[in-house]
1. In a GNM of the chain with a 10 Å cut-off on Cα contacts, which of 362, 192, 170 has the highest mean-square fluctuation?
2. Return the long-range amide H neighbours of residue 66 (sequence gap of 5 or more, or a different chain), with a cut-off of under 5 Å between placed amide H atoms.
3. Please compute, for the alpha-carbon atoms of segment 247-361, the extent along each of the three principal axes and give them in descending order in Å.
4. Please list, or write none, the lysines whose alpha carbon is within less than 16 Å of the alpha carbon of residue 108, excluding same-chain residues fewer than 8 places away.
5. Where does the longest stretch of the chain lie that holds no trypsin sites (Lys or Arg not before Pro) found in a DSSP loop with 13 or fewer other Cβ atoms within 10 Å?
6. With springs connecting C-alpha atoms under 10 Å apart, model the chain as a Gaussian network and identify which of 43, 392, 52 has the largest mean-square fluctuation.
7. Would you calculate, for the chain, the mean residue ellipticity at 222 nm contributed by helices, counting each DSSP H stretch of 4 or more residues as -39,500 (n - 2.57) and dividing by all residues, to the nearest 500?
8. Sorted from largest down, what three extents in whole angstroms do the Cα atoms of segment 357-440 have along their principal axes?
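No lab work stands behind these numbers, since they all come straight from the coordinates. The structure displayed is predicted, hence computed values, not measured ones. No Cβ is skipped: glycine too gets one built from the backbone with ideal geometry, and neighbour counts run over all protein chains shown.
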Amino acid sequence: MFAAKKSGDITSAFAFGVKDELPARYKALKDQLRPNDIQKAWERLLAVYEKESERIQKLGSSSVTEVNFKDILANNGRFPEETIKELRKSGCVVVRGVYEREEALGYKQQVLDYIAKHPGIDGYPANNPQIWELYWTKGQAKARSHPNFLTVSTALNQIWHASEDAAIDLSTNVTYCDRLRIRESGDKSFSLSEHVDGGSVERWEDPEYRKCYQKILDGKWEEYDPFDATHRVDATMDMYDCGGGCSMFRSFQGWVSLSDVQSPGGGTLKVCPLIKETTSYIMMRPLLDDLKDSSDMGGSRPGSQQLLSKEQHPHIIDTMVSIPSVHPGDCVFWSADTVHAVENECNNPTDSSVFYIPVAPLCAINSKCLRRQRENFDKGLTPPDFPGNNCEVDFDDRAKPQDLSDLGKLGMGYTRFEEKADMTKGQREAIRTANSCLFD
Ligand SMILES: [Fe+2]
């Protein structure tokens, strides 16, 4: 039985400004994990990092991979080869025109009407919300179950791979219900400093999560594959009940833009578009000479997302770029370990608004979360990973299961997943586990 989360807002997932020392067991953990030749591996990494950082700073926003949705459609639902190559290096991608402009603007209008009809909905900041505790608007439900979103999420899951036995089906995506942002022009109250989702100390502390990064911990970061999902399947990303932690494996976090957002300066997302080297940097950082005799885990706080700092991660902070300008219907996606942030000020001529819609392949942890999420959707409660404000429980005009299309029902776990003839042992296991978790 899972307890509902305490009420809160988007800041519940972070431990900004907390500086107290971590328990001594983290020092012992580092002694166990530290490879003998880490200093040499670090020097090799910095040599590459400095070159890549210079390249990215010169390119600015154009270092973020871009593709048109119609080029994915024209390529049988897969990214073009050149895009795959770039995306595996950058870890993030803007996909243009996933939704029609008018469709995306219509979703936003529906949300604005809903907010106007129900005064007093919670959000951050409390006195003038920019991030709303809303999950079940009809606009969000439609956007999540749009056939084009299914196409793009399936293409994104195919960037990943897993061993034949790993119980994951990368050809099936499920719906993760996240909140939304309607950021006003001129807003300075909402910003997020550089961080990585998916927990913090867990990357070192959980034995299975740690296996994702084993090559780095062996001192062979060059061989690390950021898109191998094999050990993500059973990784524990939330050992300390993070207030806003995500209990699903999201292969990519993402959003759809509901506005014309200028870049830089439009109050938009910033990313570090270099995935293998950046993850290697973060994983090695607390094991280096200057930190190895302390319990400091590179700024990690149990129960919080991984925050980065200029003191400990200067190369990464210097490599952050704002994503390119986006328009209503464009989507941006960043991989599970991508460092990201939100611009401090929204100097866009209009609002800078998004629905957060991540990508989540079918596997056991995602099936479990799907079941709990479905129960909350039935009752109109906040989804299980989010602060338990339950703002929409009494709203008759919220989205309900009967509003979902067939695709929407499948993604939300209302209908059974089907095995296909060419599936691996691991894919079949993921489907059987999902069906028994959802229907037995
Ligand atoms: Fe985040």
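1. 192
2. 94
3. 49, 33, 24
4. Within the straight-line limit of under 16 Å, residue 108 reaches these lysines: 117, 138, 142.
5. 20-187
6. In this elastic network of the chain, the residue with the biggest mean-square fluctuation among 43, 392, 52 is 43.
7. -9500 deg cm²/dmol
8. Cα extents, longest axis first: 45, 26, 25 Å.
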